[in-house]
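Working notes for the structure below.
The values are calculated or read from the model by the stated rules, or taken from the named source; none is laboratory data. If you're wondering where the values come from, they're calculated on a predicted model, not measured in any experiment. Cβ: placed from backbone, ideal geometry, glycine included. Neighbour counts: every protein chain shown. These accessible areas exclude ligands, DNA and RNA; they are computed on the full protein's heavy atoms, side chains included. Shrake-Rupley method; radii C 1.70, N 1.55, O 1.52, S 1.80 Å.
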Amino acid sequence: MSELTIASTHIIERYLSMELVRVTERAAVSAARLRGHGNEKAADQAAVDAMRRELNRLPIDGEIVIGEGERDEAPMLFIGEKVGNRHGPKVHIAVDPLEGTTLCAKDMPGAIAVMAMAEAGKLLYAPDVYMDKIAIGPGYAQGVIDLDASPTDNIHALARAKGVKPNEISALVMDRPRHAKLIEEIRKTGASIRLITDGDVAGVIFCTEPAKTGIDIYMGIGGAPEGVLAAAALRCVGGQMQGRLILDTEEKRKRAHGMGVLDPNKKYDMSEMASGDVIVSATGVTDGGMLSGVKFGKEVIETETIVYRSITGTVRRIYGEHREFGKFKLD
Ligand code: VTB
């Protein structure tokens, strides 16, 4: 790639940050119209429809690499689907139009609409399997934590690095039976645990602002696609994250192999899950620790979005006020 191409790519991507904000805003508003209605599928579909419509308006030659599933099981935003008007940079896209469908259906905290866009080939093609993950925020020496170290060692090392006692460290773990041993071991160190029912993309991102969220470290097993989205966001602010796909059946190993995963036991570092230029945007659907949810007013619909850009490390929080003027309607 020539210098000129690199420079012009960056200019295009810079303004694409704002375009991504529009995409997640619209997905969040559509999902929020079905917030608290007890219908996960309908809310998810609304977010998918809105996100797809907005993505197809963008001046990009885009391909979904992490989406709602494979073509047969996902009618829209499936892996391999082309999006955008094709007149723009070749980009790869990871989407979770409604991360935390249950949270949205029950109007519980933490549902978001989230997506990442990267140069083609820079996002890990993660199959829809589980991933064992560990993450901390920025400001620590490289290698403080390690997925292969024991939870006890990780908590102690992090406490030392932060200059606090282990019982002053807070971990975030998904509340699942599979984490019984992990939870027991973390508690033995004296550290506290915040258990979440869903939404571990936001869970990992919480580590980037411990002073605000109270969370120092994410540990445990969640979805692999969510892992890649979280890694993309974390890369922009310089935290640390490692993940390993859980490929515990022949069928999963084959599927992963077909997507380019040659070593089923590979421990991925954050930058192997998302490298190069990455932009990540997330808009709150329900109120949460990271973002406020969509608010419907008489004339204005309010949204809150956070958008990250890896090349500059910029993080912007954008409060949107959306009005319906003339023919312009927010569906
Ligand atoms: C998580 C979480 C999602 O799935 O990755 C999780 O971020 C993992 O799967 O919001 P299990 O629910 O099977 O534990 C969600 O909870 C739902 O997609």
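Key figures for this structure:
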| quantity | calculated |
| --- | --- |
| Subset tally (residues that are open to solvent by less than 40 Å² (accessible area, probe 1.4 Å) and more than 12 Å from SER192 (Cα to Cα)) for the stretch 161-177 | 1 |
| Test: VAL95 is in a strand (DSSP E or B), over 19 Å from SER30 (Cα atoms) and in contact (Cβ under 8 Å) with a residue 40 or more places away in the chain | no |
| Condition check for ARG235: within 16 Å of the ligand (Cβ to nearest atom), touching a Ser or Thr at 6+ places or on another chain (Cβ under 9 Å) and basic (Lys, Arg) | no |
| Subset of the stretch 111-124 that is more than 14 Å from the chain's Cα centre (by Cα) and within 26 Å of LYS254 (Cβ to Cβ) - its residue that is surrounded by the fewest Cβ atoms within 10 Å (Cβ to Cβ) | GLY121 |
| Scan of the stretch 205-228 for residues that are in a helix (DSSP H, G or I), near the ligand (Cβ under 9 Å from one of its atoms) and open to solvent by less than 30 Å² (accessible area, probe 1.4 Å), ordered by number | ALA224, PRO225, GLY227 |
| Scan of the stretch 269-304 for residues that are surrounded by fewer than 24 Cβ atoms within 10 Å (Cβ to Cβ) and assigned to a strand (DSSP E or B), ordered by number | ASP269, LYS295, PHE296, VAL300, ILE301, GLU302, GLU304 |
| Test: residue in the stretch 183-198 that is on the phi > 0 side of the Ramachandran plot and open to solvent by 40 Å² or more (accessible area, probe 1.4 Å) | no |
